[in-house]
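Q: The structure that follows is given in the form of structure tokens.
The values are calculated or read from the model by the stated rules, or taken from the named source; none is laboratory data. In this text the structure is predicted, and so the values were computed from the model without any measurement. Reconstructed Cβ throughout: ideal geometry from the backbone, glycine too, with neighbour counts over all protein chains shown.
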Amino acid sequence: MENLVRKLASLCLLLPLCGPTWAAQTISKPKVRAITAFIRVDAAHYDAQVREALNLLREARSAYQQRGYEVETIRITTQPFPEIIHGLSEEQAMDFFHGLDALAKRESFLANVGPAMLADGDAVGSVDLLARVLTQTENLNASIVVAQEDGIHWNAVRQSAKIMKYVAEHTPHSRGTFRFAATALLAPFGPFFPSSYHTGAGHAFSIGLEAASVVQAVLENNKGNVENAAQSLAAELSRFDTECEQIAKKIEKRSAWAYAGLDPTPAPLGKVSMGNAIEKFIGAKFGSSGTMTAAAIITRAVKSVPVKQVGYAGLMLPVMEDSVLAQRWSESTYSIDSLLAYSAVCGTGLDTVPLPGDVTEQQLAQIIGDMASLAYKWKKPLSARLQPVTGKRAGEKTDFGDPMLTDTVLQKLP
């Protein structure tokens, strides 16, 4: 089936009249969610190193805008956190991160300082420092790798839970948890935060689209028709993604920055809702029977896109970044276990999941461990961005005060 979808997608790129003719006429271009540059920085020269990357990012943003794409964010990902702080005192390290955070605010970009742990034997001292960095900055993102091909990193699982709990308790409205994730089996150069990272020389960039709008349009026009939905979605995602890749390759040629790839994951945001797309297709609320099938259809279409793929390359179901998913969470039509079940046929795992403030580190570790176990079993990239809300109990509504998040009612943990 997957090979068939890939062939059909490729044919539709060559033959404009292939497949449903309404799609090319009615589907608007998705937004470019992220153009992400990958660099290596040092405390003495980071300002110049960042500005070089910003020149590339602004050139890229202009190139996409000229082709009719709205660009939401430009982003910079550094080498892993422990490599940044190596040889620095804690005071020097904090000065660096405060400076990078201020620069990000002035120059309107998002920054990611990489994983605090890549291997289970990595020193945990950097984890404690990262926790403080996240509570004292506003624009810095980071992660911890909790599973790779060598297995599940159980120490990293526990350290991730520790950071989540600490950041929830030490940032206003617990909103700092939005900028941290535990990741599993995710390869370098993904454009989406907070899981983005690289371990090499940098001087590369990748692209991520907010293409849930495309999924919405296709699934609404193919209600319940599995075969047509899969073919049409593959064709439409391919149409936009390949155009975006062509733009990226032109940027690569004239800039000497390497194009690392495109994450074809169709990211949602607010009313550009993946939950709405799935509900239109199955004719019922998200979490009802048929949701798993819809998730599988979308993921197959995403993976068929003929571009250089990086990152998750799956289906993104962020509970609070999607207005319909946030509403259905309030109504308890699905749960953490539901999201894990859907993750078996898609990605990205557990994203922006709100939790009561009394959740313990042990409970957080168990949730992260479930995600890591699933990722390792199926050798697929997943992550956990869990957001406990200090002072709030099950049945109460979150109050993150973050325009990226739709507040929702907290559910009791089983």
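Q: Has segment 147-165 got at least one residue that is among the β-branched types (Val, Ile, Thr), at negative phi and in a strand (DSSP E or B)?
A: There is at least one residue in segment 147-165 that is among the β-branched types (Val, Ile, Thr), at negative phi and in a strand (DSSP E or B).
Q: For segment 123-133, state whether one or more residues are farther than 26 Å from HIS153 by Cβ and hydroxyl-bearing (Ser, Thr, Tyr).
A: The answer is no; no qualifying residue exists.
Q: Considering only segment 346-400, state which residues are basic (Lys, Arg), over 22 Å from PRO266 (Cβ atoms) and part of a strand (DSSP E or B).
A: Hit for segment 346-400 is LYS397, nothing else.
Q: While we're on this one: Could you pull out the residue among ALA181, ALA168 that is buried (at least 24 other Cβ atoms within 10 Å of the Cβ) and either free of Cβ contacts under 8 Å to residues at least 24 places away in the same chain or closer than 22 Å to THR73 by Cβ (or both)? Steps first, please.
A: Numbers: ALA168 fails: either free of Cβ contacts under 8 Å to residues at least 24 places away in the same chain or closer than 22 Å to THR73 by Cβ (or both).
Just a single option satisfies the conditions, and that option is ALA181.
Q: Please identify the pairs in which a residue from segment 71-95 that is among the small types (Gly, Ala, Ser) has its Cβ atom under 6 Å from the Cβ atom of a residue that is at pLDDT 95 or above and crowded, with 19+ Cβ neighbours inside 10 Å, counting only partners at least 6 apart or on another chain.
A: From residues that are among the small types (Gly, Ala, Ser), the pairs are ALA93/ILE85.
Q: Moving on to the next point. If a residue has to be in a helix (DSSP H, G or I) and among the basic types (Lys, Arg) to count, how many in segment 215-240 make the cut?
A: Qualifying residue count for the region: 1.
Q: Say we look at segment 228-244 and pick out the residues that are farther than 26 Å from ALA60 by Cα and more than 21 Å from the chain's Cα centre (by Cα); which of these is surrounded by the fewest Cβ atoms within 10 Å (Cβ to Cβ)? Before you say what the answer is, go through the steps one by one.
A: Here is the first cut: in segment 228-244, the residues farther than 26 Å from ALA60 by Cα are 228-233.
Filter once more, so that each one left must be more than 21 Å from the chain's Cα centre (by Cα): 228-232.
On the way: ASN228: 15, ALA229: 23, ALA230: 24, GLN231: 24, SER232: 25.
Selected residue: ASN228.
Q: Looking for something closer than 24 Å to SER62 by Cβ and among the β-branched types (Val, Ile, Thr) - is there at least one such residue anywhere in segment 286-305?
A: There is no residue in segment 286-305 that is closer than 24 Å to SER62 by Cβ and among the β-branched types (Val, Ile, Thr).
Q: May I pose another question? Residue by residue through segment 401-412, note down the ones that are in contact (Cβ under 8 Å) with a residue 60 or more places away in the chain, in a loop (DSSP other than H, G, I, E, B) and among the hydrophobic types (A, V, I, L, M, F, W, C).
A: Result: MET404, LEU405.
Q: Please find, within segment 279-329, the residue that is nearest to ALA260 (Cα to Cα) out of those that are assigned to a helix (DSSP H, G or I), out of contact with any helix residue (DSSP H, G or I) (no Cβ under 6 Å at 6 or more places or on another chain) and of a type in the set (Gly, Ala, Ser).
A: Among them, the one singled out is ALA296.
Q: Given the structure, is TYR342 modelled with pLDDT of 95 or more, aromatic (Phe, Trp, Tyr) and more than 23 Å from MET274 (Cα to Cα)?
A: It is false that TYR342 is modelled with pLDDT of 95 or more, aromatic (Phe, Trp, Tyr) and more than 23 Å from MET274 (Cα to Cα).
Q: Hey, does segment 251-265 have a residue that's part of a helix (DSSP H, G or I), crowded, with 19+ Cβ neighbours inside 10 Å, more than 20 Å from the chain's Cα centre (by Cα) and not aromatic (Phe, Trp, Tyr)? Explain how you work it out, then say what you get.
A: Step one: list which residues in segment 251-265 are part of a helix (DSSP H, G or I), which gives 251-255.
Okay, now just the ones that are also crowded, with 19+ Cβ neighbours inside 10 Å, so 251.
Still in the list and also more than 20 Å from the chain's Cα centre (by Cα): 251.
When the remaining residues are screened for being not aromatic (Phe, Trp, Tyr), the result is 251.
Yes, that holds for at least one residue.
Q: Restricting to segment 105-146, name every residue that is aliphatic (A, V, I, L, M), buried (at least 22 other Cβ atoms within 10 Å of the Cβ) and in a loop (DSSP other than H, G, I, E, B).
A: So in segment 105-146, the residues aliphatic (A, V, I, L, M) come out as 110-111, 113, 116-119, 123-124, 127, 129-131, 133-134, 140, 142, 144-146.
Retained after the next criterion (residues that are buried (at least 22 other Cβ atoms within 10 Å of the Cβ)): 111, 113, 116-117, 127, 130-131, 133-134, 140, 142, 144-146.
If the condition is that a residue be aliphatic (A, V, I, L, M), buried (at least 22 other Cβ atoms within 10 Å of the Cβ) and in a loop (DSSP other than H, G, I, E, B), then ALA116, MET117 are the ones that fit.
Residue-wise test of (1) part of a helix (DSSP H, G or I); (2) within 13 Å of ILE144 (Cα to Cα).
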site: PHE189; (1), (2): no, no
site: SER195; (1), (2): no, yes
site: LEU209; (1), (2): no, no
site: SER213; (1), (2): yes, no
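Q: With (1) touching a residue at least 60 places away in the same chain (Cβ under 8 Å); (2) surrounded by fewer than 21 Cβ atoms within 10 Å (Cβ to Cβ) as the list, and LEU386 as the residue in question, which single condition is left unmet?
A: (2)
Q: Yes or no: GLN65 closer than 30 Å to ARG239 by Cβ and over 19 Å from the mean Cα position of the chain (by Cα)?
A: Spelling it out, GLN65 is indeed closer than 30 Å to ARG239 by Cβ and over 19 Å from the mean Cα position of the chain (by Cα).
Q: Next question, about the same structure. Conditions first: (1) surrounded by fewer than 24 Cβ atoms within 10 Å (Cβ to Cβ); (2) touching a Pro at 6+ places or on another chain (Cβ under 8 Å); (3) modelled with pLDDT under 95. PRO414 passes all but one, so which condition is the exception?
A: Of everything listed in (1) surrounded by fewer than 24 Cβ atoms within 10 Å (Cβ to Cβ); (2) touching a Pro at 6+ places or on another chain (Cβ under 8 Å); (3) modelled with pLDDT under 95, PRO414 misses just condition (2).
Q: Which of the residues spanning segment 78-95 are assigned to a helix (DSSP H, G or I) and under 20 Å from SER196 (Cα atoms)? Can you show your working first?
A: Residues of segment 78-95 assigned to a helix (DSSP H, G or I): 81-85, 90-95.
If the condition is that a residue be assigned to a helix (DSSP H, G or I) and under 20 Å from SER196 (Cα atoms), then PHE81, PRO82, GLU83, ILE84, ILE85 are the ones that fit.
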